[in-house]
1. Applying the selection to segment A:146-170, what residues are surrounded by fewer than 22 Cβ atoms within 10 Å (Cβ to Cβ) and part of a strand (DSSP E or B)?
2. From B:382, B:315, B:333, B:321, grab the single residue that is more than 23 Å from the chain's Cα centre (by Cα) and surrounded by fewer than 24 Cβ atoms within 10 Å (Cβ to Cβ).
3. Output the residue which, of all residues in segment B:241-254 that are touching a residue at least 24 places away in the same chain (Cβ under 8 Å) and in a loop (DSSP other than H, G, I, E, B), is surrounded by the most Cβ atoms within 10 Å (Cβ to Cβ).
4. Quick test for you: out of A:133, A:176, A:186, A:180, pick the one residue that is over 30 Å from residue B:151 (Cα atoms), within 14 Å of chain B (Cβ to nearest Cβ) and in a strand (DSSP E or B).
5. Report, ordered by the first and then the second residue, all pairs with beta carbons closer than 7 Å, sequence separation of six or more or different chains, a first member in segment A:106-120 that is at positive phi, and a second member that is assigned to a strand (DSSP E or B).
6. Which one is modelled with the lowest pLDDT, of the residues in segment A:69-88 that are facing chain B (nearest Cβ under 7 Å) and part of a helix (DSSP H, G or I)?
7. I'd like to verify a number: residues in segment A:198-213 that are more than 17 Å from the chain's Cα centre (by Cα), crowded, with 19+ Cβ neighbours inside 10 Å and either within 7 Å of chain B (Cβ to nearest Cβ) or not in a strand (DSSP E or B) (or both), how many?
8. Does at least one position in segment B:193-211 carry a residue that is in contact with a helix residue (DSSP H, G or I) (Cβ under 8 Å, 6 or more places away or on another chain) and over 30 Å from residue B:342 (Cα atoms)?
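The values are calculated or read from the model by the stated rules, or taken from the named source; none is laboratory data. Keep in mind it's a predicted model, so treat the numbers as computed, not measured. Cβ placement follows ideal geometry from the backbone for every residue including glycine, while neighbour counts extend to all protein chains displayed.
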């Protein structure tokens, strides 16, 4: 137990009523939230005030005037009036909040991507340059950061209250979280989806730093192989290169340039070669067989860890003949291809 | 409702010579009864036992959360406590609470029938409930279950080492009890209404139980199938939800919430029905906008089926599905808003009596308003990103289910207690209990809204130290709330033995149930009453 507690980064705070606003989204959201609180607060006060007023004025032994109650027709009109007002107010709030949501969850076109793997009960992090961290993520301020999150076991949820962002971390799928930190400092990272015994200890911190300080921190981490380089090594050590590269005796689809392109399938139809597709093709090769090839690839399910998968995918991506040009796939939508 | 024939007892006849409790004192007269009133009592006893069991779990949770460190119970015990609290309170207390006790007792009386349409199926549903309860208690004894009441996969199927199967079986079994009760209520409402009791003259309590029954019959089978799939994956390793077996964990959430969101309406609509009866009676006013109230009950029941995705805004469903679910959730709030407005408007120019049931009824309106409006805050996609799975959500649904449904249930119990038992209870103590509930409830759950927006995730055994003050307030409130729940247990039980006779209609209320004796006759009415008036034909100048 004490061992578990040892790596829990604790950030000291006093009693407050709003979390810190440390991301670009946080400020926008808080304005909307406060408007919501005011609207809902006023409605609540109105209901309480009416109950108290009527309760006092029309108490059983009062002599208040009880003549002229509204006719059914009038009361129906009042009802419809209330309904209309509420409808208009609600639709306004709905539109505002949906706009904020789409802005936050659609994410930017390109961003620095950090890989985050959740497992019972820790967060494993790998930076684009290969540096690794556990339960702590160093990021620069003023830059959009994308986190590619996945889980090794059950569902977790990646939550930074001070940034107002959250995203469920699913096993067997990649999801992305975006944020732009605005203020240097340390911020709490929580697992928000119940994940077993030590769910409440699956905590970490985000360290947001000025660009210069971030660069200094990076250089202190020493030299690492980037995920692409590590992926290349795994690609040959797992024997992938035996079939997929060069003139091997076994015919397997060529991987250079496949990422971000539609792939024709033997079952007819096509599928977009995104991270989820590459992942599935390694773990469940029979799921999508490329047109013109035999389903002979063995499954690597249970043999390759989540970290290694991300590295191999990074390597396959790097085999792109012309860098950029294609837009990254939108893997925020539900479900891999049918 | 006035009656042409059927009221054979003078109003001052305080204690009927014969009634449904006056003969048959043996155990088998209770366990083999087909009298809807006695079955109502069987349910009442069972759900009260489960309520206090679930309440003990809640108190232990709140005691643990007095301090940031996990020092009272271990993490595993804590996880089992909140799981059992949820499973027991939802499936063994809230869902059967009003329908199976008050509904069972009152529905035939209110429609002027001698029993439900299928009395033996009614008894069967109680036995099924009991068997389900035994499985769940077995799960507690066999080492507990730690999945939360939501049984999220793949945790529940492949990772949890606890008695998931026993708990899932318990919930699976108890589902059939709701289905049977639902069918019984639907048929009774359609076929057994007294002459003159048209649909637009039905008390709103009947409308609410009718709508609830529709949801029970339509949604519960989906839950049963889903639980069966959990068992298949857990026992046989058939890949349905676990991605490492080729399954999809999001599929589980869709299936689960397709039942569990409508289930939220199972847990609130009957409360709305009860409160409509109480507010009209003690303001001596007909309900404001009867038609609007009946329509809103039905539209809540229907719209409730297309909002399940609002539980999954951050789970990874498509963005546009999220937007649509948010839209429908805003819409489903409209009929609730109308209802709140109409209850308040019913007080206007009334003659308001602050009896204990009325205090519960008014508390309901206040607490339901807060619960409903915070539901709108949660339905806003952008805010839900931040507060999903935090204490904000915990506070919101407790305002609806405890502040709303449990308060309404207690209000209904106080309102109809004189009818069910023929006895009066202490006026003073019942008002003290109602006030303790209102104060204790707000003290417990209001701080949790702030905690949630600050970012405290739910189901946390340990938490950062700066959340302690708000958590301590919440825990103290839970103590006050516990008093509010224990008091009625004491004075209502006391009234059974020592209470003064109540008379057939102590509140001077309308509605067919008040036309028979208290306690009612074995077959409810000597002659089936004939209805000539709309519901709630109260006269403001009369008392």
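1. Correct list: A:146, A:148.
2. After applying the criteria, what remains is B:321.
3. B:241
4. A:186
5. A:107/A:146; A:107/A:176; A:107/A:178
6. So the residue we want is A:75.
7. The qualifying residues number 4.
8. No, segment B:193-211 contains no residue that is in contact with a helix residue (DSSP H, G or I) (Cβ under 8 Å, 6 or more places away or on another chain) and over 30 Å from residue B:342 (Cα atoms).
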